[in-house]
Structures are given as structure tokens and as C-alpha cells.
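The values are calculated or read from the model by the stated rules, or taken from the named source; none is laboratory data. None of the values given here were measured: they were computed from a predicted structure. No Cβ is skipped: glycine too gets one built from the backbone with ideal geometry, and neighbour counts run over all protein chains shown. These area figures cover heavy atoms from the full protein model, side chains too; ligands, DNA and RNA do not enter into them. Shrake-Rupley method; radii C 1.70, N 1.55, O 1.52, S 1.80 Å.
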Amino acid sequence: MTSLWNHAAVNIFVLCTGRCGSVTFSRACGHLTNYTSGHESRARLVGPERFDFPADHVEVDNRLSWHLGALGARYSDSPVLYVHLRRDPDAVARSFLKRWNSAYRASMIRAFGHGIVKRVKDWPEERRLEVCRHYVDTVTANIETFLHGRSAMTMWLESAETDFPSFLDRINAKGDLEAALAEWSVKHNASKKPALSSS
């Protein structure tokens, strides 16, 4: 197999549901010297500039799972590695449930639960976990289908201590690799326990 790393420029896209270690992944890659790293760094943009990422860059962005057609078209003639970052699906769903009543206007689970799934009224509390699980299943299926036939690897949060070194080896990473690995022992962007009225 021809290595991507023989090319002058490479892009790495980490696709995920969110709530699965995406912030940690980006911070870990921030210790590399032969790649730049970003977390949702162009998520606020629309049109072609949404996908205008620099070369030799690791981009971690759960919202890219809704832009896979455009992303694939933009980088169809470029050396790319896609990473599917995963976590136990039920743990992801429960993490999103904790954020159900978030005041954050751009909440992904609210956008899904009331926009992608068309519902104007509030979801009953007893059905919210079901909606979160449906979100996880939907995004995971989107990513898996997109990755078929593309250069890709899967990494699980639960086995990051072995999966992430494999990723570093695959991209021929340079820099402070010990510091990169140490990031996985730090909790970044953890969800807080929900209020009783929203659990």
C-alpha cells in the first residue's frame, strides 16, 4: 500500500458523534510539530471556506458528519486520512442527555432533536435518552457509510492508550509524543450532572 506520507501535503479529519474525546484528541495533536491541529476550527463558516483547511493539519469536528458529501468532494484528489473516533454508544447518548437543557444556542442534541427530527414541542423526559441514542446511531451510520473505500482508521476512547499511539505511528507524528499521550489522562470538556428536572 502506498503511504499517504510520501506526499507533500496531507489532511487528517477526525469524524465523530461528539462526547467521545474529540477535544482531548485535538489537544493531544497540539503537541505535534509536523501537523497543526484544530477543534471545530471552521465550524462557524458556510460555503466553500467551511472546508478550507490548511495542509498537514488534523481537524477534529463532529459537525463534519453532516457535511460528508462536500468534504469528500473537496478532498477527492488529495491525500487524506479519516479517523472515526468512537466511544461506547450508550455512554455517548447519556453524555448528550446531560446536556439536553444546555443554554448553548448551537447545542447539537437540540438541533438534532428538534430540527433533524422535526419536533416543535418539548420531548418528554422519558423519551430524551431514546432521541440521544438515535442521534448516535444516525451519525455513526453516516460516518461508516462515508468511510467505505476511503483511507481510514477507527479509534475507541476506551482503548485510547493503545489506539492513539497507532494513529501517531500511522501519520509519522513528530513532536512531544509523551505529552500527546498524557492528554488522554486528562478530562476535557466533561459533562456536568444534569439538574433533576432534565434527567
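Remarks
- A Förster radius of 35 Å, combined with the Cβ-Cβ distance separating Trp66 from Glu178, puts the computed FRET efficiency at roughly 0.50.
- D_trans [Stokes-Einstein, Kirkwood Rh over alpha-carbon pairs] for the range 1-133, 25 °C, 0.890 mPa s, µm² s⁻¹: 150 µm²/s
- Within the accessible area of the chain (1.4 Å probe), percent carbon and sulfur: 51 percent
- Counting only Cβ charges, +1 for Lys and Arg and -1 for Asp and Glu, the dipole size of the chain around its Cα centre is about 980 debye.
- Loop-located trypsin sites (Lys or Arg not before Pro) in the range 52-133 (DSSP state other than H, G, I, E, B) with a sparse environment of at most 16 neighbouring Cβ atoms within 10 Å: Arg105, Lys118, Arg119, Lys121.
- Solvent exposure of the chain amounts to 54 Å² per residue of accessible area, where only protein heavy atoms count and the probe is 1.4 Å.
- Short-range pairs are left out: with C-alpha atoms under 8 Å and at least six residues apart, the relative contact order of the range 34-118 is 21 percent.
- Segment Asp88-Val120, length gained on full extension (0.36 nm per residue, minus Cα span): 8.6 nm
- DSSP finds beta bridges in the chain, and of those with both partners inside it, around 5 percent are antiparallel.
- Modelled spin labels at Thr36 and Asn142, positioned 7 Å past Cα toward Cβ, are 2.5 nm from each other.
- FRET efficiency for Asp169 and Val46, using Cβ-Cβ distance with R0 set to 41 Å, rounded to 0.05: 0.70
- Helix 89-98 axis versus longest C-alpha principal axis of the chain: approximately 60°, rounded to the nearest ten.
- The range 20-67: C-alpha gyration tensor shape, a/c 1.5 cut-off, then a/b vs b/c: oblate
- In the range 70-176, chymotrypsin sites (Phe, Trp or Tyr not before Pro) in a DSSP loop with at most 12 other beta-carbon atoms within 10 Å: Tyr104
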